[in-house]
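Inspection log for the structure reproduced underneath, given as structure tokens.
Where a number appears in this text, it was derived from the coordinates with a stated rule and is not lab data. These figures come from a predicted structure and were not determined experimentally. Positions of Cβ are backbone-derived with ideal geometry, glycine not excepted, and every protein chain shown enters the neighbour counts.
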Amino acid sequence: MPRSRWLLVLGGVGLGLGLVTLMMPVPAADVRPAGEPTPFRWDAAEMFALLEAEFDAVRGLTPEDARLAADRFDASGEALLAEIEAAEPLPVEALAALAELQFRYGVLGAAHPGLLPRAESLVTRARVLVMRTAAGWPAERATHEVLYRVVFGGRVTMEEALVQAGPILPELVPIEEIPSATPFIEVQGVRVHSGDVLLSRGGAPTSALIARGSDFANTFSHAALAHVDAETGEGTVVESLIEAGTVLTTVEEYLESKKHRILVLRLRPDLPELRADPLLPHTAATGMLERLRAESVAYDFAMDWTDPERMFCSEVIYHAFKDVGLDLWSHRSAMTTPGLVRWLGAMGVREFQTLVPSDLEYDPRFRAVVEWRDLEALLDYRLDNAITDALLEQADAGADLGYRWSMRPVGRLLKGASVVQVASGATPFIPVGMSSDAALRIRALVEIVNPIVKNELMRRAEMFATERGYPAPYWSLVQLAGEALSAAGPELHPALR
């Protein structure tokens, strides 16, 4: 197999595999002691069914009635935001009402696309105010949950609305202007400062597995650190990739790689650490840049965030800031569903409560500055997510990833060749730290399972759209993905067995 094909298969596999769907219950056999991490559940299957029925109903509203409904949503949203901002304790009920309001406003915008910019405006304002207010809330699971409901729920709302209405909104979404004293670079109209964190979602099928691989299923699969040279203005992205370990790329190279989304996060300038030293983020990025210029660090497949001798993507950021006295990741998500743990263990993961890239989005010490989204790729992105849902349900039922045994000698030969490549400074066929067995399983997943199931899922999704008169919402797409996986059956063996 050509080397480029192997890198395509392996590229993008970073944090882990799996997801918990929006409606999937914790398996009955998965019993954990009190206080142990558990998957987040929306527990809202009935609400999603009502939203779909509401979408069907509001499509019949006149433009004037739809505008009046939007006025009511805006008024309700502003009232909830005022209540949340004024609350002393964690306002759980108001936050839950805000999350539901976002969903309903998205339904109205999906049915009447002219109102979609108003819906997105409320979603963005909700995100900004809630993250700002959360700075005074306790750093515990309950806070992480409510932030996840509002922030991730808002993003899901707009994704679902855009699937129904079409790509009518701008790809670039300004969120909040956050001042910074660190050097910066202008990139496609966006000011990126040294020390900013870049969360992204890759376009490979494996990126869905990474992004959704914790108990808080999410959007982003990768995290990187921006550095801007104060003298030359040169921008560098400091990151760790599965196929190469730590790498330094130009901002242009980073943007050229296929991505569905990029979110720019910046530390709040009013943090005590930044008040004492406004250049702290730049110092952190500079320290990691200098280290990685002097040595290349292998990828950390064990996900052991406490050991900087090997680093996965999040560790680059974590250790850069830890070296300057700032301990990031106020919440560390876990990966706990039994099928997921089994699959990750086969891939070499040993730490199942770790530094998930997406968790930084809900850390009140950060602010989101701007988000870029590839609207044309949204449908493909949702298909991969839904397939991952279905696969992990199969994993919990006992299914395993596999490959044809005839490929084992090939895998071992490539692993041996990879050792020579690493010694000569070349990018290996199989990354350092990944076994040939794990590489073959990932290859089978990417080249056999995902394409076969996706073809069948697309066929069923087209039938759904023809019968209902609108594209399948995500909760229906997950069900269709499960049906597509079952229909593929023996065709997937031994890649899925």
Note to self: For a test of the definition: using alpha carbon positions, the gyration tensor, and the 1.5 limit on a/c, classify segment 330-476 as rounded, prolate or oblate.
What the structure shows: oblate
Item checked: Per-pair calculated FRET efficiency, R0 = 56 Å: ALA417 and ASP277 via Cβ, rounded to 0.05 -> 0.75
Notebook entry, point to check: Rounded, prolate or oblate: which fits segment 45-170, taking a ≥ b ≥ c as square roots of the Cα gyration tensor eigenvalues, rounded meaning a/c under 1.5, else prolate when a/b beats b/c?
Noted result: prolate
Note to self: Give the residue list of trypsin sites (Lys or Arg not before Pro) in segment 386-422 that are DSSP loop and have at most 16 other beta-carbon atoms within 10 angstrom.
What the structure shows: ARG404
Checklist line | From phi via Karplus (6.51, -1.76, 1.60), per-residue ³J(HN,Hα) for segment 195-201 in Hz, x at Gly/Pro | finding: x, 5, 9, 10, 9, 9, 10
Margin query: Classify segment 240-381 from the C-alpha gyration tensor, please: rounded if a/c falls under 1.5, else prolate or oblate depending on whether a/b exceeds b/c.
Written below: rounded
Check: So how far, in whole Å, is the C-alpha centre of segment 194-260 from the one of segment 81-159?
Finding: 26 Å
Item checked: Contact order relative to length of segment 45-170, as percent, for alpha carbon pairs under 8 angstrom and 6 or more apart -> 31 percent
Notebook entry, point to check: Tell me, what ³J(HN,Hα) does each residue in segment 263-278 have, in order and in whole Hz, if you take phi through Karplus 6.51 cos²θ - 1.76 cosθ + 1.60 with θ = phi - 60° and put x for Gly and Pro?
Noted result: 10, 9, 10, 9, 5, 5, x, 8, 4, x, 5, 7, 5, 6, 8, x
Checklist line | With at most 11 neighbouring Cβ atoms within 10 Å, loop GluC sites (Glu not before Pro) (DSSP) excluded, longest segment of the chain | finding: 310-497
Next item on the list: Show that you can apply the helix-only estimate: for the chain, add -39,500 (n - 2.57) for every DSSP H stretch of four or more residues, divide by all residues, and state [θ] at 222 nm to the nearest 500.
Entry: -15500 deg cm²/dmol
